[in-house]
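So the structure is just underneath, and the comments pick up after that.
The values are calculated or read from the model by the stated rules, or taken from the named source; none is laboratory data. Nothing here was measured: the structure is a model prediction, and the numbers come from that model. No Cβ is skipped: glycine too gets one built from the backbone with ideal geometry, and neighbour counts run over all protein chains shown. Side chains included, ligands, DNA and RNA excluded: accessible areas come from the protein's heavy atoms. Shrake-Rupley method; radii C 1.70, N 1.55, O 1.52, S 1.80 Å.
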Amino acid sequence: MPDSQLARPRRIVIAITGATGAVYGLRLLQLLVAIPGVETHLVLSDAAVLTLHQETGVGRKDIEAQAHVVHKLRDIGASIASGSFQSDGMVVAPCSMKTLAAVAHGLSDNLITRAADVVLKERRRLILMVRETPFNLAHLRNMTAVTEMGGIIFPPLPSFYHHPQSIAEMVDHTVARVIDLLGIEHALAPRWHGLKIPDPSATN
């Protein structure tokens, strides 16, 4: 069989839950869709639809129209619910503490948590952009459990060394770091090139 017939796009599952920070999931979807060779699979929780509208003004139909494939939350027979469906990773952006707990304890009660369970059992990359502060002991233990299973806990904490001029720049820089973890090449944010050493003569 020719290589061209064996080739497939990089499939990334994006799940958005009801935690604050819906812009991270929205922006991640927008950026991945624009990268050639990437196929996005989107799942929204019911609470995510409410948060998206509250925080970004984007409705369900608007965000679903941007994904390559959309899956319903209750569709446990969806392709991404099976390990035989080859994907290249999953990001929950943002990830609520309820979803974190479900993933940590293997409670596959909807397509988001089932897809996350599949990614973990198949030893693929799972990134949870957990959104809560401060953390209680249950949160910390659940994050530890997911980490021990091979998942990556990625709180969307902004960095300031690149001197962001807007919230949008901070969001893009954080999302670009997530895309790095997926092993996808991009040029979406400035790279760190080392600490700038002050010129001693400038203080004289």
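For residue 117, the solvent-accessible surface with a 1.4 Å probe is about 50 Å², rounded to the nearest 10.
Can you show me the helix-derived [θ] at 222 nm for the chain, built from DSSP H runs with n ≥ 4 at -39,500 (n - 2.57) apiece and divided by the number of residues, rounded to the nearest 500.
-11000 deg cm²/dmol
Which label marks the calculated value of volume of the Cα convex hull per residue in Å³, given the options (1) 161; (2) 236; (3) 119? After the calculation, the listed value that fits is (1).
In this structure the chain gives 54 Å² per residue of accessible area when probed at 1.4 Å with all protein chains present. For the stretch 111-173, the direction-averaged projected area of the alpha-carbon convex hull comes to 5.7 nm². The portion of the accessible surface of the stretch 104-204 made up by carbon and sulfur, rounded to a whole percent, is 57 (1.4 Å probe; DNA, RNA and ligands excluded). The alpha-carbon of residue 121 sits under 18 angstrom from the alpha-carbons of these aspartates and glutamates, leaving out residues fewer than 8 places away in its chain: 88, 109, 148.
Taking a point 7 angstrom from the Cα of residue 187 along the C-beta vector, which residues in the stretch 156-172 have backbone N less than 13 Å away? Within reach of a label on residue 187, which here means backbone N under 13 Å from a point 7 Å along Cα→Cβ, the stretch 156-172 contributes nothing.
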